[in-house]
Amino acid sequence: MKSTTISSPAASPVVTVVRGDSAAGVSQARRAARAFTDRLTPALPPEMADTLVLVVSELVTNALRHGGGAFSLRLNAHPDAIEVAVDDASPRMPRTRAPDLTDAGGGFGWPMVNRLARTTAITRRRPGGKTVTAFLPR
């Protein structure tokens, strides 16, 4: 797992990058997202910071579970939005499915991300895999 922050001369961080290939990477991604929000100027309202951490957690968990077992997370602060971008190695697109209510879990994350984000996008990457991006209001 690697984590890097690249800062501009402005007070807000420009990009935070986290890579992971295990459940520990999900925890690191959540911590990095919280640290990212803590450094934003102006600060996000607490409920929006919590929403960002939740979206990060869902997207990196989905990348681990359904995307080939590894992820790369990028957080970027724009003037009117926060960009959450997660790369994985699978070409399979996220899909909405009925939530599994039998204790096996699953089916809740992607619909929740789509409800919480202003917009989402999926981009195929060369030579393979995809990037799932969610933009949240700032």
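Bear in mind that the values in this text are calculations on the coordinates, not laboratory data. In this text, all values refer to a predicted model and were calculated from it rather than measured experimentally. Neighbour counts run over all protein chains shown; Cβ positions are idealised from the backbone, glycine included.
Looking at segment 58-107, which of the residues that are aliphatic (A, V, I, L, M) and over 22 Å from Pro137 (Cβ atoms) is surrounded by the most Cβ atoms within 10 Å (Cβ to Cβ)?
Ala63
Does segment 72-126 hold any residues that are in a strand (DSSP E or B) and more than 15 Å from the chain's Cα centre (by Cα), and which are they?
Correct list: Arg124 only.
Please specify each residue of segment 82-138 satisfying the condition of being of a type in the set (A, V, I, L, M) and in contact (Cβ under 8 Å) with a residue 60 or more places away in the chain. Spell out the reasoning first.
Filtering segment 82-138 down to residues of a type in the set (A, V, I, L, M) leaves 82, 84-86, 89, 93, 98, 101, 104, 112-113, 116-117, 121-122, 132, 134, 136.
Hits for segment 82-138 are Leu116, Ala117, Val132, Ala134, Leu136.
Could you check how many residues of segment 127-138 are surrounded by fewer than 14 Cβ atoms within 10 Å (Cβ to Cβ) and over 15 Å from the mean Cα position of the chain (by Cα)? It would help to see each step written out before you state the result.
Taking segment 127-138 first, the residues surrounded by fewer than 14 Cβ atoms within 10 Å (Cβ to Cβ) are 127-128, 137.
From the residues that got through so far, the ones that are over 15 Å from the mean Cα position of the chain (by Cα) too are 127-128.
The total comes to 2.
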